[in-house]
Structures are given as structure tokens and as C-alpha cells.
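These notes concern the structure reproduced below.
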Amino acid sequence: MMRIVLPVIGTVAAWRDHVRRLAAEGVAPEGVRWTVGEEARDLLVPDLPPILPRPLKIGREALDEIETALCHSDSERFNRAHALVLRLNDGLAWGDRTDPALRKLMEQAKTVRRDIHKMHAFVRFREVPTEGPRRAFAAWFEPDHHIVERGTPFFAKRFADMDWVIATPAVTARFDGTLHFEETADTARPPPDATEDLWRTYYASIFNPGRVMVKAMQSEMPKKYWKNLPEADLIPDLIRGADARVREMQAREAEEAPERRRAVARTMAMPERLQPEAGTLDALRAEAAACTRCPLYAPATQTVFGEGPRDAKIMVVGEQPGDQEDLAGRPFVGPAGKVFDEEAEAAGLDRRQLYVTNAVKHFKFTPRGKRRIHQRPDTGEIRACHLWLEGELGLIRPKLIVSMGATALQSLTGKGEGILKRRGGIEEMKDGTPVLVTVHPSYLLRLPDPELAKVERAKFREDLAQAARYLD
Ligand code: URA
């Protein structure tokens with residue numbers, strides 16, 4: 001009989017090392033009792049005769065799926081995976097859904113992935129006061145499975161320019177330029193009735209461990225939540241300072257729009273997989289609404305699909321929805337949209353005649369407090385979203401595409417560089433559809449010199465006037 005206690009942090013990697021060793025030593029899976037973090041109470045595991053020792057060789061895809069399934073909360077997962085690894089090694093075909101154990105493992109991997117998606121969509125960061133040079137955010141999240149180590153690299157990539165902590169009942173992920181994991185201390189769980197003030201003050205201690213806001217906590221928090229904290233009277237000034245910072249931050253922040261929460265819930269209810277090819281704009285829009293082809297879908301409120309008449313002669317392509325578009329679910333309804341509408345009208349283009357869309361259909365942003373700061377989509381994201389743009393192009397078949405900004409240009413022509421030299425010119429898609437190159441309206445909004453802004457706006461209008469000729 002063999003008892004193995006796996007660590008709470010690095011559970012999967014430790015299991016992998018043990019299984020390699022167990023296989024090399026010929027230990028039968030049924031003779032192993034796995035636990036995480038502490039010895040098992042029930043230790044009645046039979047002594048079994050040794051099995052044939054063997055080195056393990058498992059394909060990458062299989063190993064990845066097994067390791068995902070090991071994040072499931074099922075207590076039998078370690079034994080099941082151990083036995084499966086040996087059978088795969090001995091010739092069981094990977095992906096064979098007729099095998100009950102393999103099917104179960106694959107279903108559990110899928111459940112884990114769904115839990116990770118949920119984490120990506122529902123973690124709510126709150127800014128907390130910090131003494132450090134970077135802004136700091138904290139979140140409390142309760143996943144169904146053991147997904148913290150697998151699910152948080154996503155946040156490290158997305159929120160690389162700030163410090164953050166995601167605490168869960170078992171494991172806490174901490175990012176300060178590098179991602180670390182630790183077992184969650186008793187004191188890290190916010191009280192169920194925590195007010196925003198208390199929550200922030202409390203979590204500030206995570207970033208300023210020498211400056212725990214003990215008094216504030218003592219006054220509002222049940223004892224069980226602060227029993228592990230240092231002595232109370234050490235730092236009263238810091239408590240006052242933190243309170244002031246908290247109030248100042250709250251005054252700065254707007255209420256989170258309730259429609260965002262509702263839209264997130266709608267998005268989460270959508271099917272995970274893409275449907276077969278859509279033949280109408282409505283079907284394509286419905287498919288795109290459930291898109292998970294790149295990570296941008298998770299923090300965004302919803303897919304912002306194109307809009308306009310099916311027989312539009314001109315299709316206008318921007319970069320990606322901004323903050324207002326993300327909430328409204330419609331393209332170009334914010335400040336850049338206002339510039340576009342004004343200049344299009346002046347150029348003789350009626351927006352109702354145009355099909356208006358974006359190269360990327362989800363808003364990419366970095367949260368700053370409750371503001372969401374636009375981030376440019378990268379090549380992978382543009383490529384992942386190209387499918388939808390292609391679908392729109394195939395159904396609309398415009399006489400002309402107006403490409404606004406470098407992202408649209410990259411998506412449409414494969415090359416986004418040198419836009420200021422190319423603007424005003426007509427290029428071609430692979431199928432010969434003409435692409436009129438122009439700048440993005442938000443570029444006009446960003447120009448600090450009013451004279452230059454005026455000149456550039458006039459050039460933008462000229463570009464649109466050129467497009468208007470295709471209406472005939
Ligand atoms: N910028 C874009 O590129 N598209 C929008 O829909 C809004 C702002």
C-alpha cells in the first residue's frame with residue numbers, strides 16, 4: 001500500500017513526477033492512495049502485487065488533457081489518470097470515447113475548461129491602495145475546481161502592467177511581474193457581508209503586508225477573519241491614510257453599468273463551440289456571439305458584430321469596438337463613431353447605406369479602476385477574428401471596402417504598416433475587391449495640435465468623398 005500526499009501548489013506536476021516513478025517501479029494504480037495537502041483519514045488501501053515496470057511515453061495532447069482533468073475536484077481523479085496513463089502507454093488509443101475511463105476523463109477536462117472560462121469572465125478586480133510603484137487590484141473568486149494555477153496565466157498576460165491578487169478558498173495567485181501561488185491564508189477570505197470600503201481596506205494588506213489595517217478590520221470584521229493578523233495598535237496612521245485613499249478612489253469611480261453584468265451572463269449562457277457555417281448575416285451574427293476563438297471574448301461584454309443593409313455597396317471596417325460599443329453591442333457609437341458620422345455625412349455618405357463593422361469583434365482593454373483602457377489587438381487576435389470579417393464580406397459582397405486604421409488594413413490586406421503613406425490609395429483584396437485606405441477616426445481625436453487635426457480631418461473627409469463615388 002502506498003500513500004502519496006500531493007502539495008496544494010503544484011499538485012499536477014507532483015502527480016506527474018510520482019506517476020513516472022510509480023510506473024518505473026511497477027506499482028499498481030489500485031494500490032495507491034492519493035491525497036492533496038494532508039494525509040488521508042481512510043488509509044485502507046490494499047497491498048497489491050507489483051506490475052510490470054515501464055518507462056512512460058505519453059503524447060503531448062493526451063498529457064495536456066490529463067493534466068486539465070486533474071484540476072477537477074473529483075477525489076478519484078488521480079487514480080483514474082494514473083491507470084489511464086499506463087493503459088495509454090500500453091496501446092489504448094487516445095480519444096477513444098468508447099472507453100468509459102477515458103470518456104470520463106475527457107468530460108472532466110471539459111468541465112475544468114468551462115470553470116476556467118467562468119473565472120476569466122467573472123473575476124472582478126477592485127483597486128486597492130498600495131505603497132508600491134504600480135497600481136494594485138485584488139479579487140476574490142470561488143471556482144468549482146482546482147483551476148487557479150491553470151486559469152491565472154491568462155490574467156498575467158492581460159494585466160501585465162499592474163500588481164494583482166486573485167484569492168480563492170484554497171490557492172491565491174499573486175502577480176508582481178511574475179506569477180506566484182500560495183496557499184490561501186485563513187484571513188484572506190473576505191467576510192460575506194463585506195462592504196466595499198472594508199473589502200478594499202482589507203485587501204490592501206495583501207500588497208502592504210507590513211501595514212495591515214488592523215483597526216479598521218477590528219471594528220467591522222468578525223474575529224474569525226482577523227485572528228491571524230499582527231498586533232492591533234502598531235499602525236493607526238496607516239489605517240487612516242488607507243481609509244482616505246479608499247474614499248478618494250471610490251469617489252473617482254463610476255458605478256459598473258448593470259447592462260454589462262447582464263450581457264456577461266448572456267455571453268456565458270452561449271454554446272462553447274462554433275456552429276456549422278452560417279448562410280445569413282443573422283446566423284453569422286449568432287455564431288459570432290458565442291465566439292471563443294481568442295481570449296478577448298472573456299473580459300469583453302459581448303461580441304460587437306457589424307451592422308447595415310445586406311445590399312450595402314460600401315463596407316466600412318474599423319479596428320475593434322471601444323468601451324461604449326462593447327456595452328451597446330453596436331459598432332461606432334462612441335466618440336470615434338461620432339467623428340465618423342460627421343465626416344461621412346459631410347462627404348455625402350449616409351451611414352444608413354453603409355455596412356459598418358470591425359476587424360476584431362471584442363473590446364480589448366486593460367482595467368484602470370473601473371475605467372477600461374483600449375489596447376490594440378495583436379496579430380493572433382486579428383487573425384482569429386478574420387473568420388467573421390470574411391463571413392461578412394462573403395455575404396455583403398461590397399463594391400468597395402473602406403479600411404480605417406492599421407488593424408483593419410492588416411486584416412484586409414495582410415499588411416498594416418505605412419498607413420499614412422498608403423492613405424487615400426485604393427488597394428485590392430485577394431479576390432479583387434477594392435480597399436480604400438484611410439486613417440482611423442480615433443487618430444483624429446488623438447492629435448494634440450488643433451491645426452494638424454483640422455488638416456487631417458479634411459483629408460479623412462476627402463477619402464470618404466472618394467468612397468461616396470462607389471454609391472452610384
Ligand atoms: N473604434 C473602432 O474601430 N470601432 C468601433 O466600433 C469603435 C471605435
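All of the numbers you see were taken from the coordinates with simple rules; none came from a lab. Note that the structure is a prediction, hence the values are computed from the model and not measured. Every residue, glycine among them, receives a Cβ derived from its backbone with ideal geometry; neighbour counts consider all protein chains shown.
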Nonlocal amide H pairs with residue 405, under 5 Å, H built at 1.01 Å: 438, 439, 440
Cα pair distances in region 123-183, grouped into 5 Å bins until the bin that holds the longest one, percent each: 4, 19, 33, 26, 13, 4, 1
Extension reserve of the residue 376-residue 73 stretch, reckoned as 0.36 nm per residue once the Cα distance is removed: 105.4 nm
Burial ordering of 98, 379, fewest other beta-carbon atoms within 10 Å first: 98, 379
Linear extension gain, residue 25 paired with residue 387, 0.36 nm per residue minus alpha-carbon span: 125.3 nm
Cα gyration tensor, region 2-118 - rounded (a/c under 1.5), prolate or oblate: oblate
Amide proton proximity set for residue 6, modelled H, under 5 Å, gap of 5+: 35, 36, 37
For region 278-470, share of DSSP beta bridges that run antiparallel, in % to the nearest 5: 40
Footprinting exposure proxy for 155, 141 (fewest neighbouring C-beta atoms within 10 Å first): 141, 155
5 angstrom amide H check on residue 128, placed H, neighbours 5+ away: 136, 137, 138
Within region 389-448, trypsin sites (Lys or Arg not before Pro) in DSSP loop having at most 16 other beta-carbon neighbours inside 10 Å: 399, 415, 430
Region 415-472-region 298-367 distance, computed between alpha-carbon centres (Å): 16
Inter-label distance for residue 2 and residue 429, nm, one decimal - labels placed 7 Å from Cα along Cα-to-Cβ: 5.9
